[in-house]
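See structure below.
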Amino acid sequence: GQVPSEQTLIIERFRDELGDWRVVLHSPYGTAVHAPWALAISARIRERHGYDGAAIAADDGIVVRLPDTEAQPPGAELFLFEADELHDLVTAEVGGSAVFASRFRECAARALLLPRRDPGRRSPLWQQRQRASQLLEVAREFPDFPIILETVREVLSDVYDLPSLIEVAASIAQRSIRIIEVETDLPSPFARSLLVGYVAAFLYEGDSPLAERRAAALSIDPALLAELLGRAELREVLDPAVIAQTEAELQRLAPDRRARDAEGVVDLLRILGPLTTPEIDDRTINEVDVTAALDELARTNRVFAATIAGDARWAVVEDAARLRDALGTPIPHGVPSAFLDPVPDPIGDLMARYARTHTPFAASDAATRFGLGVAVATDALRRLAADRRIIEGEFRPGASGTEWVDAEVLRRLRSRSLAALRKEIEPVTPGTLGRFLPIWQHVGSAGSRSGARRPALQGIDGVLQSIEQLQGVALPASAWETLVLPSRVHDYSPAWLDELCASGEVIWAGGGSLPGTDGWVSLHLAGAAPLSLPEPDDIELTERQQRILDALGGGGGFFFRQLAAAVAEVGEAGGDDAALVAELWQLVWAGHLTNDTLAPLRATLGGTATRRSAPRTRGYRGYARPASVAQSGPPTAAGRWSLLPAREADATRRIAFAVDRML
């Protein structure tokens with residue numbers, strides 16, 4: 001009733017000729033995604049059941065064979081992984097794959113580690129395989145051997161599409177990809193085509209080269225591999241506050257995790273391992289008499305005193321044989337014989353419990369805690385890492401060197417750190433935003449959230465700073481010098497804006513007319529104007545407007561009379577100033593022209609030049625403004641007219657600048 005698709009994956013289960021289970025995942029994502037997925041599935045089957053699931057990947061899915069047992073028939077749980085664990089799981093398993101062995105041979109040959117005796121003759125492939133196998137046997141003991149690292153990088157980056165697999169796993173967890181299970185009596189047509197490849201993979205299994213199907217228990221330096229893959233280390237991800245909080249909870253130092261009675265003390269020793277009396281006291285509430293409780297527990301043979309790493313500690317009686325076999329701790333009289341049986345892996349048990357109750361730690365920390373050698377502790381930690389109970393890597397921000405952490409503890413740290421990051425970027429309330437924006441824009445005298453006022457903008461530098469924040473924003477021309485700039489700059493003077501325009505630091509541009517004499521105007525810093533200026537309106541130009549643009553196209557600025565003479569027709573003595581001014585302003589509102597002063601804009605709005613708003617005598621980069629300039633044309637056409645700068649042609653740069661400006 002279903003067909004596999006990008007949003008629907010189907011798990012089909014049926015029995016083969018021997019009565020064993022065949023489980024087929026129907027998926028359209030291709031071998032590059034399915035191959036690393038099959039490695040992870042094989043590892044899970046080996047962990048849970050102790051045998052090889054023989055998972056084979058193809059373009060259309062994955063086939064797994066499982067022996068028939070009395071347990072529940074296998075299903076989707078074999079194929080579901082957390083996205084966070086897939087990368088490390090596949091990296092750990094890739095050394096045992098055939099593709100790794102073949103790629104290792106190719107990498108070694110490229111690195112000239114398999115030289116030819118006679119460069120003029122070809123080397124037999126089977127001999128290259130043998131030699132590559134011998135090289136791999138020697139190199140696998142060295143975690144930083146560059147050819148092994150390069151091979152792992154090549155397989156994970158070039159052969160496998162691991163990022164897509166992680167994305168699929170995340171989509172399954174988010175329910176955006178469905179998984180449907182179905183049990184059939186006979187293989188479906190989809191499954192039959194996959195079974196042909198499955199049979200072919202094992203029919204001639206003995207003919208495959210031994211060097212390319214032998215599992216390699218590799219020692220890989222995770223830091224170097226992460227550098228080659230370009231992966232961000234967890235040092236950049238984990239939150240130090242989260243690590244500290246989790247450490248306090250795991251060590252029962254948090255107020256809500258402390259022991260409240262004698263039974264709680266026993267639980268502390270059972271969960272955390274041997275502790276000194278002061279350590280137990282730190283982990284109990286003040287109402288508990290720790291000394292009396294320990295004496296009573298020792299009298300009833302529930303705990304006993306032991307010397308570990310030179311410290312007098314208390315341990316639960318269940319740890320007697322474990323401490324004896326791992327550390328040589330003497331067992332006191334009275335311990336029941338049921339607790340004296342030898343322990344299979346005592347040091348591994350101690351290290352596993354230490355990892356479960358600590359955030360990332362160095363091997364030397366665990367060794368010091370139990371009075372062991374660092375090499376002994378490291379060996380036990382590596383055995384636990386091989387079983388994926390703990391993870392080796394770099395975790396604590398600001399630390400250095402390899403660290404170890406329990407897999408479940410790391411999962412908790414990552415989820416909590418992610419939650420902390422999400423909390424930092426949660427939207428604030430509308431009231432908080434309403435209080436923040438005026439402060440950010442230097443508007444009014446409201447204080448910041450910390451209670452300190454943001455300094456008011458002052459003088460011409462304040463005008464420039466305000467324009468830098470608002471550049472490219474189109475506002476009504478009548479609002480700039482009545483509402484916007486005066487509310488941001490203390491004792492705002494229009495002469496400051498004129499001086500910035502005359503010196504070439506600021507450019508103003510029109511963006512369309514409004515009813516009456518108003519219009520949309522934006523201010524721009526000259527250096528960023530090509531990026532911040534909007535595209536001019538596509539209007540139908542008159543003949544004289546085209547002559548205006550041609551006259552100004554040579555560069556420089558023209559006063560009104562100069563511009564009128566330049567665009568006058570041959571034999572024309574003068575012209576209608578009002579008509580020329582109207583066409584000038586049509587070009588301004590269309591986004592073609594600008595002026596080196598805002599005086600014509602103020603005149604157009606209906607205002608007259610007052611003593612305060614009149615430009616300073618000192619303008620035009622320090623030179624005195626000629627007295628005749630004011631009489632060189634109508635007030636609505638005063639100053640020098642010029643073309644706006646050419647817009648940036650790269651749309652990507654324009655969009656990036658616009659987004660940065662909005663932020």
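The values are calculated or read from the model by the stated rules, or taken from the named source; none is laboratory data. Computed from a predicted structure; not experimentally measured. Cβ atoms come from the backbone with ideal geometry, glycine included; neighbour counts cover every protein chain shown. Heads up: the accessible areas ignore ligands, DNA and RNA and are worked out on the full protein's heavy atoms, side chains in. Shrake-Rupley method; radii C 1.70, N 1.55, O 1.52, S 1.80 Å.
Would you pick out the residues in the stretch 103-143 that are of a type outside the set (A, V, I, L, M, F, W, C) and modelled with pLDDT of 80 or more?
If the condition is that a residue be of a type outside the set (A, V, I, L, M, F, W, C) and modelled with pLDDT of 80 or more, then Arg103, Arg105, Glu106, Arg110 are the ones that fit.
Results for (1) out of contact with any helix residue (DSSP H, G or I) (no Cβ under 7 Å at 6 or more places or on another chain); (2) of a type in the set (Ser, Thr, Tyr), shown as yes or no for each residue.
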{"residue": "Val99", "(1), (2)": "no, no"}
{"residue": "Cys107", "(1), (2)": "no, no"}
{"residue": "Ala132", "(1), (2)": "no, no"}
{"residue": "Phe142", "(1), (2)": "yes, no"}
{"residue": "Phe145", "(1), (2)": "no, no"}
{"residue": "Ser157", "(1), (2)": "no, yes"}
{"residue": "Pro163", "(1), (2)": "yes, no"}
{"residue": "Ile166", "(1), (2)": "no, no"}
{"residue": "Ser171", "(1), (2)": "yes, yes"}
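Looking at (1) surrounded by 15 or more Cβ atoms within 10 Å (Cβ to Cβ); (2) among the charged types (D, E, K, R); (3) modelled with pLDDT of 90 or more, which one does Glu468 not meet, given that it meets all the others?
(1)
So which of Leu186, Leu112, Leu135 is without any contact (Cβ under 8 Å) to a residue 40 or more places away in the chain and open to solvent by 50 Å² or more (accessible area, probe 1.4 Å)?
Residue meeting the stated conditions: Leu112.
Do you know which residues across the stretch 528-547 are closer than 19 Å to Trp508 by Cα and in contact with a helix residue (DSSP H, G or I) (Cβ under 6 Å, 6 or more places away or on another chain)?
Within the stretch 528-547, just Leu531 meets the criteria.
Say we look at the stretch 314-346 and pick out the residues that are in a loop (DSSP other than H, G, I, E, B) and in contact with a Lys or Arg (Cβ under 7 Å, 6 or more places away or on another chain); which of these is modelled with the lowest pLDDT?
Across the stretch 314-346, the extreme among qualifying residues is Ile331.
Only one of these is buried (at least 20 other Cβ atoms within 10 Å of the Cβ) and either basic (Lys, Arg) or modelled with pLDDT of 85 or more (or both): Leu86, Leu80. Name it.
Leu86
Have a look at Gly50, Gly95, Gly61 and point out the one that is more than 19 Å from Val168 (Cα to Cα) and open to solvent by less than 20 Å² (accessible area, probe 1.4 Å).
The unique qualifying residue is Gly95.
Give the residue that is farthest from Pro397 (Cα to Cα), with candidates limited to residues of the stretch 419-431 that are open to solvent by less than 100 Å² (accessible area, probe 1.4 Å) and at pLDDT 85 or above.
Gly431
What's the number of the condition Val266 fails, among (1) outside any loop (DSSP other than H, G, I, E, B); (2) among the hydrophobic types (A, V, I, L, M, F, W, C); (3) surrounded by 13 or more Cβ atoms within 10 Å (Cβ to Cβ); (4) within 39 Å of the chain's Cα centre (by Cα)?
Of the numbered conditions (1) outside any loop (DSSP other than H, G, I, E, B); (2) among the hydrophobic types (A, V, I, L, M, F, W, C); (3) surrounded by 13 or more Cβ atoms within 10 Å (Cβ to Cβ); (4) within 39 Å of the chain's Cα centre (by Cα), the odd one out for Val266 is (4).
Sort out which residues of the stretch 5-31 are in contact with a helix residue (DSSP H, G or I) (Cβ under 7 Å, 6 or more places away or on another chain) and either basic (Lys, Arg) or surrounded by fewer than 22 Cβ atoms within 10 Å (Cβ to Cβ) (or both), and write them in order of number.
Tyr29
Within the stretch 162-183, track down each residue that is in a loop (DSSP other than H, G, I, E, B) and either surrounded by 13 or more Cβ atoms within 10 Å (Cβ to Cβ) or among the aliphatic types (A, V, I, L, M) (or both).
Once the filter is applied, which keeps residues that are in a loop (DSSP other than H, G, I, E, B) and either surrounded by 13 or more Cβ atoms within 10 Å (Cβ to Cβ) or among the aliphatic types (A, V, I, L, M) (or both), the stretch 162-183 yields only Ile177.
Any chance you could count how many residues in the stretch 64-77 are open to solvent by 50 Å² or more (accessible area, probe 1.4 Å) and not acidic (Asp, Glu)?
Summing the residues that are open to solvent by 50 Å² or more (accessible area, probe 1.4 Å) and not acidic (Asp, Glu) in the stretch 64-77 gives 4.
Going through the stretch 37-81 one residue at a time, which ones are among the hydroxyl-bearing types (Ser, Thr, Tyr) and touching an Asp or Glu at 6+ places or on another chain (Cβ under 9 Å)?
Ser42
Can you pull out every residue in the stretch 379-394 that is in contact (Cβ under 8 Å) with a residue 40 or more places away in the chain and either open to solvent by less than 50 Å² (accessible area, probe 1.4 Å) or assigned to a loop (DSSP other than H, G, I, E, B) (or both)?
The answer is Asp387, Arg388, Ile391, Gly393, Glu394.
On the given criteria, is Glu468 out of contact with any helix residue (DSSP H, G or I) (no Cβ under 8 Å at 6 or more places or on another chain) and in a helix (DSSP H, G or I)?
When the stated conditions are applied, Glu468 passes them.
Filter the stretch 286-308 for residues that are open to solvent by less than 50 Å² (accessible area, probe 1.4 Å) and outside any helix (DSSP H, G or I) and give the result.
Answer for the stretch 286-308, where residues must be open to solvent by less than 50 Å² (accessible area, probe 1.4 Å) and outside any helix (DSSP H, G or I): Val288, Val303, Phe304, Ala306, Ile308.
Look through Arg283, Arg260 and report the one residue that is exposed (fewer than 14 other Cβ atoms within 10 Å of the Cβ) and in contact (Cβ under 8 Å) with a residue 12 or more places away in the chain.
One residue alone meets the criteria, Arg260.
Need pairs with beta-carbon distance below 6 Å; first residue in contact (Cβ under 8 Å) with a residue 24 or more places away in the chain and within the stretch 539-561, second in a helix (DSSP H, G or I) and of a type in the set (Val, Ile, Thr); sequence gap 6+ or separate chains.
Arg544/Val567; Ile548/Val567
Return the only residue of Glu150, Glu154 being within 24 Å of Val90 (Cβ to Cβ), open to solvent by less than 70 Å² (accessible area, probe 1.4 Å) and without any contact (Cβ under 8 Å) to a residue 60 or more places away in the chain.
After applying the criteria, what remains is Glu154.
Quick one: what pairs do we get from the stretch 315-328, first residue farther than 12 Å from Met351 by Cα and open to solvent by less than 60 Å² (accessible area, probe 1.4 Å), second assigned to a strand (DSSP E or B) and of a type in the set (Gly, Ala, Ser), C-beta under 6 Å, 6+ apart or different chains?
Ala315/Ala306
Residues that are of a type in the set (Lys, Arg), at least 3 per element: which helices (runs of 4 or more DSSP H) completely within the stretch 12-111 meet that?
Where helices (runs of 4 or more DSSP H) fall fully within the stretch 12-111 and carry at least 3 residues being of a type in the set (Lys, Arg), they are 31-49, 98-110.
Does Gln130 fit the bill of being open to solvent by 70 Å² or more (accessible area, probe 1.4 Å), part of a helix (DSSP H, G or I) and touching a Pro at 6+ places or on another chain (Cβ under 9 Å)?
In short, yes.
From Arg396, Arg383, grab the single residue that is within 27 Å of Ala43 (Cβ to Cβ) and of a type in the set (Lys, Arg).
Arg383
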